[in-house]
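Colleague: Below are the structure tokens for one structure; questions will follow.
The values are calculated or read from the model by the stated rules, or taken from the named source; none is laboratory data. Just so we're clear, the structure is a prediction, and the values are computed from it rather than from any experiment. Cβ coordinates were reconstructed from backbone atoms using ideal geometry, including for glycine residues, and neighbour counts include every protein chain displayed.
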Amino acid sequence: MLRFNTILLLSIFLLFSCSKKNNKEVITSEPTEKEMAAAIYLEAVESLKAGDAFYASKKFKEVETMLPQGEWASKSSLMASYADYSRNAYSNAIFSLERHIRTYPADKNMAYVHYLIAMCYYEQILDEKKDLDPLLKAKEKFEFIIKEYPDTDYGTDAKFKIDLIVNQLAAKEMSIIRFYMRTKKWIPALNRLKILIKEYDTTIFVEEALHRLVEVYYRLGLIEEAKQAASVLGYNYKSGDWYKKSYKVFNKNYKPKKIENKKEMGLIRKKIKSLFE
């Protein structure tokens with residue numbers, strides 16, 4: 001009997017001890033706030049990779065709220081903005097990125113932040129006949145990147161993007177000039193042509209602009225000015241089709257040979273794929 005009681009007491013003691021130990025393990029195994037944030041962050045990254053950018057953005061913002069200080073908050077803020085960018089929610093992304101600049105001014109990824117803002121504007125460029133605002137804002141931001149981060153990959157790509165933007169701005173000017181010429185508004189057309197030739201002389205539209213200048217001067221009866229513009233066009237683009245058209249302005253019977261030379265142009269759109277994990 002004594003032996004039975006001893007075993008019973010020992011069993012109760014061991015059971016109690018195990019119970020305490022298990023309870024202790026449950027308490028100590030509960031994830032910390034940082035561990036929970038890391039788990040949510042990983043979930044957000046996986047959602048982003050799976051194509052659910054809206055859910056990913058929501059989860060990244062949740063992490064930032066949980067850990068408002070430190071590297072996790074900055075990283076989560078940036079990734080939430082990227083998630084919005086990736087689903088074409090450009091206004092949301094720009095708002096979040098500008099907030100990021102104010103909230104995390106010491107972020108080591110600041111060059112990327114500015115580049116992403118520029119890309120948000122750049123991706124909204126439709127064509128030269130639409131709203132100029134995204135064009136101008138993208139150009140301004142890319143110029144800022146070139147100035148502040150010239151030796152980065154972002155600075156290199158910004159130079160390339162600006163070349164495309166300048167060509168788009170020149171295309172916008174040319175479309176306005178063509179409209180003025182169709183409606184026989186020669187003076188406004190002339191003023192626009194002078195602006196295009198002066199400010200966009202490195203673009204593909206300067207050759208056409210010189211020819212249009214010949215046409216407008218000729219229409220206004222300014223023959224000497226028309227000849228002078230034609231000579232500039234001939235000096236720089238003598239073998240080009242636009243020079244042949246200008247030559248025909250003064251020689252009505254001239255018939256240039258038809259040469260098919262079709263070129264297609266378009267903006268190169270490149271989206272950011274890297275993730276800050």
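Colleague: Could you check how many residues of region 227-243 are under 13 Å from residue 212 (Cα atoms) and either of a type in the set (A, V, I, L, M) or not in a helix (DSSP H, G or I) (or both)?
Modeller: 4
Colleague: Collect the residues in region 54-63 that are under 18 Å from residue 31 (Cβ atoms) and at pLDDT 85 or above, keeping them in residue-number order. Even if it seems obvious, please write down each step before you answer.
Modeller: Of all residues in region 54-63, those under 18 Å from residue 31 (Cβ atoms) come to 59, 62-63.
Within region 54-63, 59, 62 qualify.
Colleague: With the condition kept exactly as written, say whether any residue in region 151-172 is hydroxyl-bearing (Ser, Thr, Tyr), in a loop (DSSP other than H, G, I, E, B), touching a His at 6+ places or on another chain (Cβ under 8 Å) and buried (at least 18 other Cβ atoms within 10 Å of the Cβ). Reasoning before the result, please.
Modeller: Pass one, region 151-172, residues hydroxyl-bearing (Ser, Thr, Tyr): 152, 154, 156.
Next, only the ones that are in a loop (DSSP other than H, G, I, E, B) stay: 152.
Now restrict to residues that are touching a His at 6+ places or on another chain (Cβ under 8 Å): none.
No, region 151-172 contains no residue that is hydroxyl-bearing (Ser, Thr, Tyr), in a loop (DSSP other than H, G, I, E, B), touching a His at 6+ places or on another chain (Cβ under 8 Å) and buried (at least 18 other Cβ atoms within 10 Å of the Cβ).
Colleague: Which pairs have Cβ atoms under 8 Å, sit 6 or more apart or on different chains, and link a residue in region 121-138 that is closer than 20 Å to residue 96 by Cα and charged (D, E, K, R) to one that is part of a loop (DSSP other than H, G, I, E, B) and at pLDDT 85 or above?
Modeller: Pairs found: 123/88.
Colleague: Specify which of the listed residues (33, 43) is at pLDDT below 85, over 19 Å from residue 102 (Cα atoms) and in contact with a helix residue (DSSP H, G or I) (Cβ under 7 Å, 6 or more places away or on another chain).
Modeller: 33
Colleague: Right, something else. Take region 74-103 and flag every residue that is closer than 11 Å to residue 41 by Cβ and either hydrophobic (A, V, I, L, M, F, W, C) or touching an Asp or Glu at 6+ places or on another chain (Cβ under 7 Å) (or both).
Modeller: Selection gives 76, 79, 80.
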